[in-house]
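Enquirer: Please find one structure pasted underneath; my questions will follow.
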Amino acid sequence: MSHSLEELDAVLSRANLIYSAEQVAQAIDTMALQLNERLKESQPLLLCVMNGGLVFTGYLLTRLNCFPEVDYIHATRYRNKTSGSTLDWRAHPHNDLKNRTVLILDDILDEGITLKAIIDYCYEQGAKEVLSAVLVQKKHDRCIDGVKSDYVGLEVEDKYVFGFGMDYRSQLRHLDGIYALSE
């Protein structure tokens, strides 16, 4: 569902920039160094979690030197809303996960429901190792079953955030910084 330009301008004018494009790029560079070291002996299968993980995956991919293969998975809880509901599987990877090192790449770790489901799916498909990297992790204690990401670029307060792949009602993903919705 599209919002009018006036609505989007109003949301953006009231939002707070919490990480600039430079800060995001620096966090991704740091994560890439860690991943390059960790994955130097493998040819991992990168699974971009659509749609949110698209921008993060694109930026990170250009910084990796471990000869990754790229695929995607689409599981969502938000469906154009600002709060999640049940998980909706829209696409599974096209590549075989059996005996692979899989790196899941997503925009944000909030409660961990989607990440846990994707990790479980990868192991069910025979992955030998599943790692995860998220651009942003929210600071709270609501993650299910102690779910955590192996690599985290930035932390944010427990607020609705958008930009750099994260959406506000399916829009504003294109912003190069990360914004928090005003109260």
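The values are calculated or read from the model by the stated rules, or taken from the named source; none is laboratory data. Note that this is a predicted model, so its numbers are computed, not measured. We place every Cβ from the backbone using ideal geometry, glycine too, and count neighbours over all the protein chains shown.
Here is a yes/no grid of residues against (1) outside any helix (DSSP H, G or I); (2) in contact with a strand residue (DSSP E or B) (Cβ under 7 Å, 6 or more places away or on another chain); (3) surrounded by 13 or more Cβ atoms within 10 Å (Cβ to Cβ):
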position	(1), (2), (3)
I119	no, yes, yes
R142	yes, no, no
S149	yes, yes, yes
V152	yes, yes, yes
D158	yes, yes, no
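Enquirer: Before we move on, is H74 free of Cβ contacts under 8 Å to residues at least 40 places away in the same chain, farther than 17 Å from S132 by Cβ and not charged (D, E, K, R)?
Expert: No.
Enquirer: Okay, next question. Looking at Y179 and the list (1) buried (at least 18 other Cβ atoms within 10 Å of the Cβ); (2) in contact (Cβ under 8 Å) with a residue 60 or more places away in the chain; (3) closer than 23 Å to Q34 by Cβ; (4) not small (G, A, S), which single condition is not satisfied?
Expert: Answer for Y179: the failing condition is (3).
Enquirer: Looking only at residues that are at pLDDT below 95 and in a strand (DSSP E or B) in the range 167-179, which one is farthest from K116 (Cα to Cα)?
Expert: Q171
Enquirer: If we keep just the residues of the range 1-28 that are part of a helix (DSSP H, G or I) and exposed (fewer than 14 other Cβ atoms within 10 Å of the Cβ), which is nearest to the chain's Cα centre (by Cα)?
Expert: E22
Enquirer: Of the residues A127, A133, only one is among the small types (G, A, S), crowded, with 19+ Cβ neighbours inside 10 Å, closer than 22 Å to R63 by Cβ and at pLDDT 95 or above; which?
Expert: Unique residue meeting the criteria: A133.
Enquirer: Which residue, of L105, L135, is part of a strand (DSSP E or B), under 14 Å from L46 (Cα atoms) and in contact with a Leu (Cβ under 7 Å, 6 or more places away or on another chain)?
Expert: Within the list L105, L135, the selection yields L105.
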